Amino acid sequence: MCMWLKNIFSKTEKAEVIPYAEVNQLLRQQLSNRLKSNVIIILSDSKYCLIKSTKVQEIYSKSNLKNLSYEAEKHDCDDYSVLMKAEFVKAVKKDSSARYAYAAGIVYGNIPSPHAINWYIDENRKLWFIEPQNGDIFAPKGKNIVFLYS
């Protein structure tokens, strides 16, 4: 069958959409004992798409982040986290299954020492952290999380 005809008849599975309030609630619930009392959570959009871990791994592997070199006070953890957030933004722009931004962003806290990395919420509404310096994905850890942004 012609590729363009196949594309017309094949149905793309849409990423599940959740509202801002649910993202906020999931972050607070799943990080409850890790959040500092004065935590700042900034969610810039009214709706978000959940993202599969396999998609996050794909985004990371296509990025150039693993090839960048760490330089204290010049290109360190906060810079890596901003670049990974930018990779999420670039990827969602090309993702026909996503109608809104991915439920993903930046997190600052003691992870386990003062550090900035990234977070995302998967299709099962589970919160994950990703270390943008090496691509490791893991369940939230650390304490005194002071800032989350998307």
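Take the residues of the stretch 111-150 that are over 12 Å from Ser81 (Cα atoms) and polar (S, T, N, Q): which is surrounded by the most Cβ atoms within 10 Å (Cβ to Cβ)?
For the stretch 111-150, the residue satisfying everything is Asn144.
Restricting to the stretch 137-150, count the residues that are part of a strand (DSSP E or B), of a type in the set (A, V, I, L, M, F, W, C) and within 21 Å of Gln25 (Cβ to Cβ).
If we filter the stretch 137-150 for residues that are part of a strand (DSSP E or B), which is where we start, we get 137-138, 143-149.
This time we only want the ones that are of a type in the set (A, V, I, L, M, F, W, C), so: 137-138, 145-148.
Going one step further and asking which of them are within 21 Å of Gln25 (Cβ to Cβ), we end up with 145-148.
Qualifying residue count, the stretch 137-150: 4.
Can you tell me which residue among Val92, Val107, Val56 is open to solvent by less than 40 Å² (accessible area, probe 1.4 Å) and in contact with a Leu (Cβ under 6 Å, 6 or more places away or on another chain)?
Val107
Determine whether Glu71 is more than 19 Å from Glu22 (Cβ to Cβ), more than 14 Å from the chain's Cα centre (by Cα) and open to solvent by 40 Å² or more (accessible area, probe 1.4 Å).
Values: more than 19 Å from Glu22 (Cβ to Cβ): yes; more than 14 Å from the chain's Cα centre (by Cα): yes; open to solvent by 40 Å² or more (accessible area, probe 1.4 Å): yes.
Yes; evaluated as a whole, the condition is true for this residue.
Being in contact with a strand residue (DSSP E or B) (Cβ under 9 Å, 6 or more places away or on another chain) and surrounded by fewer than 21 Cβ atoms within 10 Å (Cβ to Cβ) is the filter here, so list the residues in the stretch 95-104 that pass it.
If we filter the stretch 95-104 for residues that are in contact with a strand residue (DSSP E or B) (Cβ under 9 Å, 6 or more places away or on another chain), which is where we start, we get 95, 97-104.
Scanning the stretch 95-104 gives Asp95, Ser97, Ala98, Arg99, Tyr100, Ala101.
The values are calculated or read from the model by the stated rules, or taken from the named source; none is laboratory data. Keep in mind the model is a prediction, meaning the values are calculated, not measured. Quick reminder, even Gly has a Cβ in these numbers, built from the backbone with ideal geometry, and neighbours come from all protein chains shown. Ligands, DNA and RNA are excluded from the accessible area calculation, which covers all protein heavy atoms including side chains. Shrake-Rupley method; radii C 1.70, N 1.55, O 1.52, S 1.80 Å.
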